[in-house]
1. Can you tally the net charge around residue 95? Count Lys and Arg as +1, Asp and Glu as -1, for every other residue whose Cβ sits under 15 Å from the Cβ of residue 95.
2. Any chance you could check the Cα centroid distance between region 85-108 and region 38-81 for me, in angstrom?
3. Using a 1.4 Å probe and ignoring any ligands, DNA or RNA, find the accessible area of residue 74 and quote it in Å² to the nearest 10.
4. Mind ranking 100-110, 63-73, 129-139, 44-54 by how tightly packed they are, going by the mean number of other C-beta atoms within 10 angstrom, highest first?
5. Considering amide H positions built from the backbone, and no H for Pro or chain starts, which residues 5 or more places from residue 154, or on another chain, come under 5 Å of its amide H?
6. So which of 67/132; 43/131; 44/131 end up more than 23 Å apart by C-alpha?
7. If we count every other residue with Cβ under 14 angstrom of residue 52's Cβ, Lys/Arg +1 and Asp/Glu -1, where does the sum land?
8. If amide hydrogens are placed 1.01 Å from N in the peptide plane, which non-local residues have theirs closer than 5 Å to the one on residue 101?
Amino acid sequence: MCKGWITMALALLLVLAQGCNNAPEKATAEEKPAVAGDSLQSKKCYAHLSATDTITLVLNGPDSLVKGVLVYAFSGKDRNVGTIAGKFNHDTLFADYTFYSEGVESVREVAFLRTDSSMTEGFGPVTEKDKKMVFTNHQELTFGNQFFLSPQNCR
């Protein structure tokens, strides 16, 4: 359990040290998120910001090996801080999200659709497989605009 808390604290420190600005800014050509076919060679930051809820996503690495930090902070719920590791399949990132909530480590699959101006979280039916929650069928995912993450300047 101590190891879990240390990992969670390190992930939180990473988010704080490399966090995203709260005010969205127009991205320049160099800061613009990559589109399908491009690789993510540098750090990219995204955020969903509302009056009550925040999601921050920091990505590093090429499309074939994306790593990063994902934080969910929803009003009235426990904050989830964790790491992601996965890869892009065309314009969609599929990654394992390893996070801690109430001191318990969990793993679930996440999906984000990348466009030239955003990352949108996907949702669909899930099942437990090998001690993690995974989508039952990637073709059944829906990408609404409920969790639209806009590009942010990384600090």
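1. Around residue 95, the charge tally is +1.
2. 11
3. My reading of the accessible area for residue 74 is about 50 Å².
4. 63-73, 44-54, 100-110, 129-139
5. The list, which skips near neighbours in sequence, is 45.
6. Flagged as over cut-off: 43/131; 44/131.
7. Around residue 52, the charge tally is +1.
8. Correct list: 106.
The values are calculated or read from the model by the stated rules, or taken from the named source; none is laboratory data. Just so it is clear, the model here is predicted, and its values are computed rather than measured. Note: ideal-geometry Cβ built from the backbone for every residue, glycine included; neighbour counts use all protein chains shown. Just the protein is used for accessible areas: all its heavy atoms, side chains included, with ligands, DNA and RNA removed. Shrake-Rupley method; radii C 1.70, N 1.55, O 1.52, S 1.80 Å.
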